[in-house]
Amino acid sequence: MNLPDRINGPRIHLRVAHNLAPQAFFDLVMASKKEIIAFLPWAEKYASVTDAAASIARFKTLWDEGTAFTYAIYNHDNVLVGVVDWRPKKDWWGTIGYWLGTPYTGRGYMAAAVDTMVTDFFKRGIHRAVIQCDTRNQPSAAVAKRAGFTYEGHLRQDRQNEDGSFHDSLQFSRLATDPYPNGE
Ligand SMILES: CC(C)(COP(=O)(O)OP(=O)(O)OC[C@H]1O[C@@H](n2cnc3c(N)ncnc32)[C@H](O)[C@@H]1OP(=O)(O)O)[C@@H](O)C(=O)NCCC(=O)NCCS
C-alpha cells in the first residue's frame, strides 16, 4: 500500500511520524501521560527520550511493513499536537487510532486530522474507515461523530485491560460514498 508522506488539511497538516524528533515526541507524551494512559497503556512505561526514539523507530518499521501508517499532527503554527494512525485490514479498509497532547485538546484538531486523513485516502481508492473505542471513552466517540463517522454498534467485551478485565467497544465507520460531513 502506497500512502503519502504528508497530507495537508484546512486546519491541520499530517507528516509521517517516523521523522519526528524524539525529544519533541517525548515532551508531548509526558505532557499528556495522565490523560492518555487510561486508554493507551503503552504511555505508562515512558520514562526517557530513549522510549520516544524506540517508538519512532517502530513507526518506521511498521510503515515499511505496511502494517501501520502513523502520522504526526501539526497545527497551523507548525506545533506538534498529536498522532493519528491507519491500520489497514485489507487494501480497501482499515482502522484508525489517535491521541492528542493534553494542551491541544478542546480545539477540534483530532476531528480535523481524522477527516483530513480519510478524505485523502478515499481519493486513493480506500473505501471504508473504522474507529473503535472503549465505551467509557466518550471524547473518542465524539471525535468519530464529529469527523462524519456513523455509529455501527456495540461490541461486547472485545478488549482486555492490563488487569485482565474485559470491556466493551463502540464501532463507527465512514465510507468513501458517504456524503461529505460538512455537506460540501
Ligand atoms: C480522544 C481525544 C483525541 C479527543 O480530543 P478532543 O480535543 O476532545 O477532540 P477534538 O480535537 O476533535 O476537539 C473537540 C473539542 O474541541 C472543541 N472545538 C473547539 N474549537 C473547535 C473547532 N474549530 N472545530 C471543532 N471543534 C472545536 C469542540 O467543541 C470539542 O470540545 P467539547 O468536547 O468540549 O465539546 C483526546 O481526548 C485524547 O487524546 N484522549 C486520550 C487518548 C485516547 O483516548 N485515544 C483514543 C483511543 S480510541
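Points worth noting:
- The convex hull defined by the C-alpha atoms of the stretch 6-175 has an orientation-averaged projected area of 9.5 nm².
- Packing here is the average count of other Cβ atoms within 10 Å per residue, and on that basis the peptides 50-58, 94-102, 161-169, highest first, run 94-102, 50-58, 161-169.
- Euclidean distance of C-alpha centroids, the stretch 17-79 and the stretch 113-184, integer Å: 21 Å
- Pairs over the 25 Å Cα-Cα cut-off, from the set Lys60/Lys145; Lys89/Lys123; Lys33/Lys60; Lys123/Lys145: Lys60/Lys145.
The numbers here are math on the coordinates, done by the rules we state, and not lab data. If you're wondering where the values come from, they're calculated on a predicted model, not measured in any experiment. Please note: Cβ atoms are built from the backbone with ideal geometry, for glycine as well, and neighbour counts cover all protein chains shown.
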